[in-house]
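Below is one structure, written out as structure tokens; comments come after it.
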Amino acid sequence: MHSLQKVLENHANVVENGYTAQRGLRYRSYAISTLRGGVGKSTLAFNLAFEMSRQRSILIADLCAQCNLTETLMSGDYSEVTILNSLQPKLLGPAFGDIPSDNSYRVSATCDAFKVTKSAYLIPGNPLLFAFPSTMYQQLQIANAQNNPKAVRGLLESLKSILDDECKTKKADGILMDTSPFYSGGTHLAWCAADAIIIPVRVDEHSIDSLELTLDLLSNSERDFQVWNQRAGGRKSPRIAAIVMTMVGSKSQIRATPDQASKMYVERALVIAEKYRHLFDHTDPADAFVITDDFVSSGRISGAKSVPISKLKIGSFHMVEGKRLQVNASAERYQRELAYLASII
């Protein structure tokens, strides 16, 4: 079967019949990552955190300096401790303080939807992560100049160590990281900490280019990520758990079928994925593709009100930025798409 046809038929089965893969999460730690902004990453991260926490207790880490996921999960509450409070002493030593003994917050304390899931904890993001890459790479260059692969590995796995320790403390079984659209710094460390990556790809030209850049960075021995992996004595790359096509148009005359422009971008993404099939655990990379609609008002309500899309009630009204928005019947499609995504990763 042609890859595009396979993805489209699977998508139709998801939205029409509520099909899911009926299996648990395949990896322990995930990073949601794309090297392009405006693709719906934060909305996806929030909703996937909820879907994952239905299956297992999780630790969520916000590695994006914009801190959108932190704001959604903490509803604007001030956080005394952020990811930077752990990363700085881990990378730079005790002169920057001690790593907090308790550096995460129970999500259900600020986001009611998580009161019905397994336990979920958040290590909040910090806007100062924008300046973090220069600090991190200075340390890496010093370790490399000393020809010390063990020290390089320790620096690259600093975030992984922090998250593993916090998981033990909070008895969390899984990890989900939201990352910046910039590779340097926190995103680099998140790739080193992740078993698998979920890549959101908007149906536009720049996002398709970003997908190829991301997969090339993960696998090309001459690009920065793999260069540092080799300097650390040889580290494995994370696997690709899913490629999520976002903001897909559904105005086709055929039921449960994306429009022509969207199908063209999905097909191009499939061609790119095929070039990097060695990064996928799926025998056919097409099996890692998930199509999600433009969530429109449901997405805005979800983010503004800190309510996962799967908990939105069709027909309900919500005030968002002075506008009265309604959850329409399309929300059921979105709920099924997100449930399917959570079932294949």
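FYI, it's all coordinate maths here, none of it is from the lab. Note that the structure is predicted; figures quoted are calculated from it, not measured. As a convention, Cβ positions derive from the backbone with ideal geometry for all residues, glycine included, and neighbour counts pool all protein chains shown.
Quick notes
- LYS311-SER101 FRET efficiency (beta carbon distance; Förster radius 22 Å; 0.05 resolution): 0.10
- Judged by the mean number of other Cβ atoms found within 10 Å, the most tightly packed of the peptides 258-266, 126-134 leads the ranking 258-266, 126-134.
- Largest first, the three principal axis extents of the alpha carbons in the stretch 136-234 are 43, 37, 20 Å in whole numbers.
- Farthest positive-ward along the stretch 3-344 dipole, Cα basis, beta-carbon charges - from ILE32, GLN66, PHE130: ILE32
- Placing +1 on the Cβ of every Lys and Arg and -1 on the Cβ of every Asp and Glu, with nothing else charged, gives the stretch 183-278 a dipole about its Cα centre of roughly 300 debye.
- Residue-wise HN-Hα coupling along the stretch 9-18, computed from phi with Karplus coefficients 6.51, -1.76, 1.60 (Hz; x: Gly, Pro): 5, 5, 4, 4, 5, 5, 6, 8, 10, x
- Panel note: the C-alpha atoms of the stretch 87-172, placed on their principal axes, show extents of 50, 26, 19 Å (largest first).
- Overall, the stretch 3-344 carries a charge dipole of about 600 debye about its Cα centre when +1 sits on the Cβ of Lys and Arg and -1 on the Cβ of Asp and Glu, all other atoms neutral.
- Normalised size of the chain, defined as Cα radius of gyration per 2.2 N^0.38 Å with N residues, equals 0.98.
- Our helix-only sum for the chain, with -39,500 (n - 2.57) per DSSP H run of n ≥ 4 divided by its residues, gives a mean residue ellipticity at 222 nm of -13500 deg cm²/dmol.
- Prolate/oblate/rounded call for the stretch 117-165, Cα gyration tensor, a/c under 1.5 rounded: oblate
- Protection proxy ranking of 50-61, 149-160 - average other beta-carbon atoms within 10 Å, highest first: 50-61, 149-160
- Each peptide among 313-324, 34-45, 225-236 gets the average number of other Cβ atoms lying within 10 Å of its residues, and from highest to lowest they stand as 34-45, 225-236, 313-324.
- Tilt relative to the chain, helix 205-219 - C-alpha long axis, 0 to 90 degrees, to 10: 40 degrees
- Using the Cβ-Cβ distance between LYS171 and ALA109 with R0 set to 22 Å, the FRET efficiency works out to roughly 0.85.
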